[in-house]
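Taking it in order: structure first as structure tokens, then the write-up.
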């Protein structure tokens, strides 16, 4: 089954029901969305794109992003969403890596795209949409020209469908290759984990460009003719109003978003009782947040651990396994991320690849295998091989598992900071700092932050004779790193702590930072 078959079937059974709603902008029914999906596929073929080619998209949240997901599925051309927060340098690096033949650009992003388009030679066609623009092609014009064109041939379901951007500990941008088989496996898995009824409503407020591999990409509510309400971004007021106005049943969020919603002054006045499932991931989920959300929003929170490489599937703590007043073991499980999705196998293994005991104390690396797991990274065989152990995906997360199979993540093998639900590879930040002549070396760690969960903190050793300052370093990295990757705080030291082999001991830096926080508060 193809992802685009959801649009085809819903056009048959739910033709006049809303499929996509952008409040105050536009609404697409299932009949019109299916028709546009067919024309989208024909337009890609007319531009010369076929199986194996890539089409990129640079846009904020919009209805066209939903069409992009369905259109790529129907055409067989692999989609490559671009991160709006990336600097021009990062966009050039990533676009030249995935080498798209065509690029769709929202009119609001035209100025940003102009900074790097000339340095991405693979892009032969630029298609504008969403308002006045000066690009060579216009999306509405080329779609209108395809009306009445015979349907394009159906693509293979095991061919590349989405290239989902991710990064490793080195910070080198890479893309997990996801097929339609991966996508459908994930969609059905999420539908099995939380209740999906006919004509449910999904609220899309996390960035669509970050969700090429996840349950808000093509929401499971689409399986039964549901709709998605697309907001341009997140703010707590728009969130609670949309939930009340559209009777939202499902959404995806990160902990910082839920905290902001819980703090909203009108959370008790607006009706949020329609909510049945909030998939919560992208950052550590605390027991305290689960309890607070349950008290205010109801029994609807689904803490989860997922990755781009698994189409955001992995572990999920369903509401029926949340027992604030249960046994000591049940209360302790509130701090876990639950058990594997129904279509995934999971293991915790030691350094020799041997399964650790289910005693709730022995740590091991978390491995996954299953239908939604990517086969590897685009054009990176060595990275792919390093991330696999046979048919198992090595997540890099260190966890413990109890006798009931509940998994609690306790550490990360990967040196990643999660700030506001976004991953920051510390190696990338360290490389940007190292390019300044006044820096001898640096070590980047996460610093506890009430709003973002973690913030980027840089510990810097100045080069001999250097007097480089925090403001000078921030100015230096500004055009090299996206804003969320830039350090929010600095410490200047004479030397970094190391072990006997010379490896920097970041755990020591974290401990020192934690000790200093009360004194600096």
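Brief remarks on what is shown
- Looking only at the stretch 437-458, and only at residues there that are in contact with a strand residue (DSSP E or B) (Cβ under 9 Å, 6 or more places away or on another chain) and part of a loop (DSSP other than H, G, I, E, B), the one that is farthest from residue 165 (Cα to Cα): 438
- Test for residue 444: is it buried (at least 21 other Cβ atoms within 10 Å of the Cβ) and in contact with a helix residue (DSSP H, G or I) (Cβ under 6 Å, 6 or more places away or on another chain): yes
To keep it simple, each residue is scored yes or no on (1) surrounded by 17 or more Cβ atoms within 10 Å (Cβ to Cβ); (2) in a helix (DSSP H, G or I); (3) modelled with pLDDT of 90 or more.
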residue: 269; (1), (2), (3): no, no, no
residue: 272; (1), (2), (3): yes, no, yes
residue: 275; (1), (2), (3): yes, no, yes
residue: 279; (1), (2), (3): yes, no, yes
residue: 296; (1), (2), (3): no, yes, yes
residue: 312; (1), (2), (3): yes, no, yes
residue: 324; (1), (2), (3): no, no, yes
residue: 346; (1), (2), (3): yes, no, yes
residue: 353; (1), (2), (3): no, no, yes
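- A Cβ distance below 6 Å, combined with a sequence gap of six or more or placement on separate chains, defines the contacts here; from the stretch 76-101, residues that are at negative phi reach residues that are assigned to a loop (DSSP other than H, G, I, E, B) and surrounded by 24 or more Cβ atoms within 10 Å (Cβ to Cβ) in the pairs 80/100; 81/212.
- Any hit, the stretch 109-120, residues being modelled with pLDDT under 95, under 30 Å from residue 380 (Cα atoms) and out of contact with any helix residue (DSSP H, G or I) (no Cβ under 6 Å at 6 or more places or on another chain): no
- Residue count, the stretch 99-112 (criterion: assigned to a helix (DSSP H, G or I) and surrounded by 22 or more Cβ atoms within 10 Å (Cβ to Cβ)): 0
- Restricting the stretch 326-344 to residues that are assigned to a loop (DSSP other than H, G, I, E, B) and over 18 Å from residue 184 (Cβ atoms) leaves a set whose member that is nearest to the chain's Cα centre (by Cα) is 337.
- Among the candidates 24, 52, residue that is closer than 22 Å to residue 126 by Cβ and assigned to a loop (DSSP other than H, G, I, E, B): 52
- Within the stretch 135-155, being assigned to a loop (DSSP other than H, G, I, E, B) and either surrounded by 13 or more Cβ atoms within 10 Å (Cβ to Cβ) or modelled with pLDDT of 95 or more (or both) holds for 135, 146, 149, 152, 154, 155.
- Scanning the stretch 356-382 for residues that are more than 23 Å from residue 186 (Cα to Cα), touching a residue at least 60 places away in the same chain (Cβ under 8 Å) and surrounded by 16 or more Cβ atoms within 10 Å (Cβ to Cβ) gives a single hit, 380.
- Some residue of the stretch 413-433 being over 21 Å from the mean Cα position of the chain (by Cα) and part of a loop (DSSP other than H, G, I, E, B): no
- The residue that is nearest to residue 513 (Cα to Cα), counting only those in the stretch 400-417 that are modelled with pLDDT under 90 and buried (at least 19 other Cβ atoms within 10 Å of the Cβ), is 417.
- Of all residues in the stretch 475-498, those satisfying the criterion of being surrounded by 15 or more Cβ atoms within 10 Å (Cβ to Cβ) and under 31 Å from the mean Cα position of the chain (by Cα) are 476, 477, 480, 481, 482, 484, 485, 486, 487, 488, 490, 491.
- Checked against (1) in the same structural domain as residue 476 (by TED's automatic domain parsing); (2) crowded, with 21+ Cβ neighbours inside 10 Å, residue 431 passes all but a single condition, namely (2).
- Within the stretch 447-478, the set of residues being touching a residue at least 24 places away in the same chain (Cβ under 8 Å) and closer than 19 Å to residue 495 by Cα comprises 457, 458, 459, 460, 461, 462, 463, 464, 466, 467, 468, 473.
Okay, residues lined up against (1) within 21 Å of residue 166 (Cα to Cα); (2) assigned to a helix (DSSP H, G or I); (3) not assigned by TED's automatic domain parsing to the domain that holds residue 45:
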| site | (1), (2), (3) |
| --- | --- |
| 79 | yes, no, no |
| 86 | yes, no, no |
| 97 | yes, yes, no |
| 126 | no, no, no |
| 131 | no, no, no |
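- Condition broken by residue 465, with the remaining ones in (1) in a loop (DSSP other than H, G, I, E, B); (2) surrounded by 13 or more Cβ atoms within 10 Å (Cβ to Cβ) satisfied: (2)
- Condition met for residue 229 (in a helix (DSSP H, G or I) and in contact with a strand residue (DSSP E or B) (Cβ under 6 Å, 6 or more places away or on another chain)): no
- Matching entry among 186, 175, 192, 242 (being closer than 20 Å to residue 74 by Cβ and either more than 17 Å from the chain's Cα centre (by Cα) or buried (at least 16 other Cβ atoms within 10 Å of the Cβ) (or both)): 186
- Meets criteria (within 23 Å of residue 27 (Cβ to Cβ) and without any contact (Cβ under 8 Å) to a residue 60 or more places away in the chain) for residue 148: no
- Residue check: residue 383 meets all listed conditions (1) part of a loop (DSSP other than H, G, I, E, B); (2) within 28 Å of residue 81 (Cβ to Cβ) but one, namely (1).
- The set of residues in the stretch 1-25 being surrounded by fewer than 19 Cβ atoms within 10 Å (Cβ to Cβ) and more than 21 Å from residue 145 (Cα to Cα) consists of 1, 5, 9, 12, 13, 15, 16, 17, 23, 24, 25.
- Of the criteria (1) modelled with pLDDT of 90 or more; (2) surrounded by fewer than 21 Cβ atoms within 10 Å (Cβ to Cβ), which one residue 169 fails: (1)
The values are calculated or read from the model by the stated rules, or taken from the named source; none is laboratory data. Since we're looking at a predicted model, the values are computed, not measured. Heads up, the Cβs are rebuilt from the backbone with ideal geometry, glycines too, and the neighbour counts pull from every protein chain shown.
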